Amino acid sequence: MGISQFNRCFFTLKNRKEAIILAGVSKEQIEKARQMNALTYLQIYEPNSIRKCGSQQWQLVEHDSLKLSNDKWFWFSQRIGGASALDFLVKVRGMDFVNAVNSICGNEFIAYTARTKPKVNSESQRKDFILPKKHRDNFKVIAYLQSRGIDREIIDRCIADGKLYESEKYHSCVFVGTNTDNEVKFACLRGTSSTFKQDIEGSSKQYGFTAPTKNADKAILIVCESPIDVLAQATLDKKAGLVWDKFQRLSLGGISDAPLMKYLENHSEIDSIALCLDNDKAGQTAALIIKNKLEKMNEKYKVLIAPPFVGKDYNEMLIHILKEEQGKRKLQIEVSR
C-alpha cells in the first residue's frame, strides 16, 4: 500500500501546449507569479530575511521601514509598495521581470544576495538550546491532545519514544525533533490551555518532529505543517483501518522546506512523498513550490499534493469527521428508543 492512497491532486496546468512564451516565460507562469503575495514568498524562500513587528505585521530585516501585512507591502522610506511577490522582487530586489517570474514559479530559483545581508548571530551570541523541564506526569498534554481528536495509543507512543512530553511550567506540549543519531536538535511548544505556540530558542529549523514508526515502509514519507497535524493524519489512517505507524511522518513546523530537505538527505531510501500541507493559500503555494523543487532535484521522487478535503488542516478534518460520527451515533440511539 503506497502513496497511491493519496489520489487527490488539486493542481493542473491547463492548455499547456498552447502556452505562448514571452521573453523567456509563459503567460501561465506570469499569471501564476502574480498570484503569490510577497510575505508568502519570503516565508518560503527567505524566512531569515523577515521578522514579526506586530500581531499581523512583518518587516524586512535589511530594510526595517519595509512592512508587510494583509497581503500587501509598503517601503515607507522609498514610498513604494505593492501586493504581489512579483512587484516586490522587481521594485525592491531589483530583479529583471523574467528572473522574478522564474524565481516565484520555482522553475529556476535565482538566489538573491542581499546588498546588506541579514544579521546572523555568531556562535557566541546564539542562545544555548535547552529543553524545558519535564512535569512529573503528562496528564494535561494527554487530555488536550485527546480533546483535539488524537488517538490515545498514538499519544502514548510519542511519549514513550521521547518525542512528546508535558513541560513543568505552563503544562505545554513539548514536541521534540531529533537527528539520525537520536540527538535532540529541535523542540516546539503548544499551549494546552491557550493558542500559545513557540519554537524553543536555539532549535535547529533543519529538524522537525517525526511520528513514531514500526516496520515502516521506508520509501514513503508523509509531510504536514504542524506536529498536531502529523498526529491527526496518523489518527485518520488508524480510523481507516490502516497500520498507522507503517508510514514515516514529518512536521515542517510551518511551510519552510528546510526540515524536509534535511530528512531526505538522511533518508535516501524515500522516493514517494505526500505533501499534506494546510488547505490555505500559503500552504498550497508552498506545496506546489516544494513539489516542483523535489521533482527537479531527483526524478525518482513521486510527489503528491494531498490537502485535507474538509477544514483548513488535518486536525480540523479529524475533528469534523469525529463530530459527524458522534452525530450519527446520537441519531441511531434516538431512533432505537
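The values are calculated or read from the model by the stated rules, or taken from the named source; none is laboratory data. Just so we're clear, the structure is a prediction, and the values are computed from it rather than from any experiment. Positions of Cβ are backbone-derived with ideal geometry, glycine not excepted, and every protein chain shown enters the neighbour counts.
For (1) surrounded by fewer than 17 Cβ atoms within 10 Å (Cβ to Cβ); (2) of a type in the set (K, R), each residue gets a yes or a no:
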| site | (1), (2) |
| --- | --- |
| S194 | yes, no |
| Q198 | yes, no |
| K205 | no, yes |
| K239 | yes, yes |
| K246 | yes, yes |
| D257 | no, no |
| K262 | no, yes |
| C276 | no, no |
Item checked: Hey, Q332 surrounded by fewer than 19 Cβ atoms within 10 Å (Cβ to Cβ), of a type outside the set (A, V, I, L, M), in contact with an Asp or Glu (Cβ under 9 Å, 6 or more places away or on another chain) and part of a helix (DSSP H, G or I) or not -> no
Notebook entry, point to check: Which is among the charged types (D, E, K, R) and free of Cβ contacts under 8 Å to residues at least 12 places away in the same chain, of E269, E225, E295?
Noted result: E295
Notebook entry, point to check: Within the stretch 45-53, is there a residue that is crowded, with 18+ Cβ neighbours inside 10 Å, basic (K, R) and assigned to a strand (DSSP E or B)?
Noted result: no
Next item on the list: Among the candidates A306, A287, single out the residue that is under 18 Å from Y45 (Cβ atoms), modelled with pLDDT of 90 or more and touching a strand residue (DSSP E or B) at 6+ places or on another chain (Cβ under 6 Å).
Entry: A287
Notebook entry, point to check: In the stretch 250-282, what count of residues is obtained for those that are of a type in the set (D, E, K, R) and in a helix (DSSP H, G or I)?
Noted result: 3
Margin query: Looking only at the stretch 278-312, how many residues end up being of a type outside the set (V, I, T), closer than 15 Å to D229 by Cβ and surrounded by fewer than 19 Cβ atoms within 10 Å (Cβ to Cβ)?
Written below: 6
Next item on the list: Give G162, G149 a once-over and let me know the one that is surrounded by fewer than 15 Cβ atoms within 10 Å (Cβ to Cβ), out of contact with any Phe, Trp or Tyr (no Cβ under 6 Å at 6 or more places or on another chain) and in the same structural domain as Y263 (by TED's automatic domain parsing).
Entry: G162
Next item on the list: Output the residue which, of all residues in the stretch 54-94 that are in a loop (DSSP other than H, G, I, E, B) and of a type in the set (S, T, Y), is nearest to K281 (Cα to Cα).
Entry: S55
Note to self: Would you confirm whether or not the stretch 14-29 contains a residue that is within 19 Å of D280 (Cβ to Cβ), at pLDDT below 85 and outside the structural domain of I289 (by TED's automatic domain parsing)?
What the structure shows: no
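Conditions tested, residue by residue: (1) in a helix (DSSP H, G or I); (2) of a type in the set (K, R).
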| residue | (1), (2) |
| --- | --- |
| P132 | no, no |
| R136 | no, yes |
| I142 | yes, no |
| Q146 | yes, no |
| I154 | yes, no |
| R157 | yes, yes |
| F175 | no, no |
Notebook entry, point to check: List pairs: first in the stretch 84-101 and within 17 Å of V61 (Cβ to Cβ) and of a type in the set (F, W, Y), second modelled with pLDDT of 80 or more and surrounded by fewer than 19 Cβ atoms within 10 Å (Cβ to Cβ), Cβ under 8 Å, 6+ apart or cross-chain?
Noted result: F88/G82
Check: Does G54 satisfy the condition of being modelled with pLDDT of 85 or more and either over 29 Å from K302 (Cβ atoms) or basic (K, R) (or both)?
Finding: no
Item checked: Residue in the stretch 231-245 that is outside any loop (DSSP other than H, G, I, E, B) and within 12 Å of the chain's Cα centre (by Cα) present -> no
